[in-house]
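To start, the structure under review is shown below, and the notes come after it.
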Amino acid sequence: MANLLLKNIGLLATPTGSAAKRGREQGEITLLKGAYILVKGGVIDAVGSGEVPAGMLENAEMVDVKGRLVTPGLVDAHTHLIFGGWRQNELGLKLHGVTYLEILAQGGGILSTVRATRAASEQELAGKAAKELSAMLRMGTTTCEAKSGYGLDPEDEYKQLRAIRRLNETQKVELVPTFLGAHALPEEYKNHREGYLGLLCEEMIPTVAREHLAEFCDVFCETGVFTAEESRRILEAGKKHGLTPKIHADEIDPIGGSQLAGAVGAITAEHLIVCPKEGIASMAKGGTIACLLPATSFYLGATFAPARAMIDAGVAVAVATDFNPGSCPSSNLQLAMNLACLKYCLTPEEVLTAVTLNGAAGIRRADRIGTVEAGKQADLLIWDAPDLDYVCYRLGANLVDTVIKKGEIIQF
Ligand code: NIG
Ligand code: FE
């Protein structure tokens, strides 16, 4: 692989370091004018500003950034990427005032996607997701977490996780797998909750861990789905087998998910739309990252997570899409950035940290990605934009011009 030299960078904007940034530090990023970046063997070798040292010009392929903005590749730390079918039929229901949890309670929602996912082969699921991933890469997402959770039985959950594994070998976006067998109670266990909890904790979690099918274990802690006590049991079983806890908490009702997150040492608590003060305190104490999903709030017509209160309390904030066929049928992380700015009132600098370094920390990758610094993997974006304000201000556009993944310029 040839060396790459990005020169004539108008503005390099990047957080720094290898751990999530919290509090005031979340907005303290490096802004380097007139910068250059040297990439060797897929890794960032040097970053500087001013005259490019003569030695660097030798044996390097030049990329003229033409005075524009460069940032790290975007990290989407929460997606439900692998699923069969879509749910456009729910749009009409929503417009008639049927709520998300009502649709689920009627056997629709997640359960309708479960039926479509069970009917699809691993190859079909991977093929469908590959198409979405190629759109995501074009929009600047270079790393993406992907959850199971639409199989809800051993073979169909493993099938989703194997589709993720297959995609890691066949396309460029790096995927990080999370086991979400506790996404809903499957219809066949409707009158047998304990049976499904046992299956999750005694069979599925141990198999997923043994076969290295996932790194994280997630649970949908919500009214009518899993209680906080059940969620604790599932996450503790995951921990016992080496799966790090994540939790869907306080998305619709505050039933104790964010309090549990800090208490079990969850790496992230996700959604947090109606997160109470006690939940914020618990996450601050436990070092849990708040992974916020503003496009889901928008799509559900809900309120927006108290992001500023979290930052003020010293909780690191990440922002992700939540891409899924129900509550957020969009994989556009730039749109989530716009909304994070407008609806959480985060500054563009805080938002950048949220979708790069803090997202990376939320999937335990902050030592390798999430910043533009010597030694990190060369996941870089050249934007059709002069600065970060412009990126956060231009609503719903794709402003990414060039994507570089592991030092390779992606051709679309
Ligand atoms: O994060 N809340 C649970 N899971 C997804 C929605 C999944 C679906 O509706 O298919 C979410 O919003
Ligand atoms: Fe989700």
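The values are calculated or read from the model by the stated rules, or taken from the named source; none is laboratory data. Predicted model, so just to flag it, every value in this text is computed and none were measured. Counting neighbours? That spans all protein chains shown, and the Cβs are built from the backbone with ideal geometry, glycine included.
Residues that are within 16 Å of ligand 2 (Cβ to nearest atom): find the helices (runs of 4 or more DSSP H) completely inside segment 262-329 holding 2 or more of those. It would help to see each step written out before you state the result.
Details: elements: 277-286, 294-300, 307-312.
Qualifying helices (runs of 4 or more DSSP H): 294-300.
Residues ARG87, ARG166: which one is more than 16 Å from ligand 1 (Cβ to nearest atom), among the basic types (Lys, Arg) and not assigned by TED's automatic domain parsing to the domain that holds ALA385? Full working, then the answer.
Numbers: ARG87 fails: more than 16 Å from ligand 1 (Cβ to nearest atom).
Criteria check complete, one pass: ARG166.
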Unmet criterion (only one of (1) closer than 30 Å to TYR390 by Cα; (2) under 23 Å from the mean Cα position of the chain (by Cα)) for TYR100: (1)
Subset tally (residues that are modelled with pLDDT of 95 or more, part of a loop (DSSP other than H, G, I, E, B), polar (S, T, N, Q) and more than 26 Å from THR143 (Cβ to Cβ)) for segment 32-90: 1
The lone exception for GLY375 - which of (1) closer than 28 Å to ILE44 by Cα; (2) within 14 Å of ligand 2 (Cβ to nearest atom); (3) surrounded by fewer than 20 Cβ atoms within 10 Å (Cβ to Cβ) it fails: (2)
Qualifying positions in segment 393-412 - under 19 Å from ALA320 (Cβ atoms), surrounded by 15 or more Cβ atoms within 10 Å (Cβ to Cβ) and in contact with a Leu (Cβ under 8 Å, 6 or more places away or on another chain): VAL400, VAL403, LYS405
Scope segment 246-268; condition within 12 Å of ligand 1 (Cβ to nearest atom) and buried (at least 22 other Cβ atoms within 10 Å of the Cβ); matching residues: LYS246, ILE247, HIS248, ALA249, ASP250, GLU251, GLY257
Strands (runs of 3 or more DSSP E) contained in segment 109-223 and holding at least 1 residues out of contact with any Lys or Arg (no Cβ under 9 Å at 6 or more places or on another chain) and not acidic (Asp, Glu): 141-147, 174-182
So GLY238, is it more than 24 Å from LYS343 (Cα to Cα) and surrounded by fewer than 17 Cβ atoms within 10 Å (Cβ to Cβ): no
Candidates THR99, THR79, THR178, THR117 - the one that is surrounded by fewer than 24 Cβ atoms within 10 Å (Cβ to Cβ), within 13 Å of ligand 1 (Cβ to nearest atom), of a type in the set (Ser, Thr, Tyr) and outside the structural domain of THR14 (by TED's automatic domain parsing): THR99
Those residues of segment 330-361 which are over 16 Å from the mean Cα position of the chain (by Cα) and assigned to a loop (DSSP other than H, G, I, E, B), in sequence order: CYS345, LEU346, THR347
For ARG364: the one exception among (1) away from ligand 1 (no atom under 16 Å from the Cβ); (2) assigned to a helix (DSSP H, G or I): (2)
Number of the exception - GLY23 against (1) over 18 Å from GLY362 (Cβ atoms); (2) away from ligand 1 (no atom under 16 Å from the Cβ); (3) in contact (Cβ under 8 Å) with a residue 60 or more places away in the chain: (1)
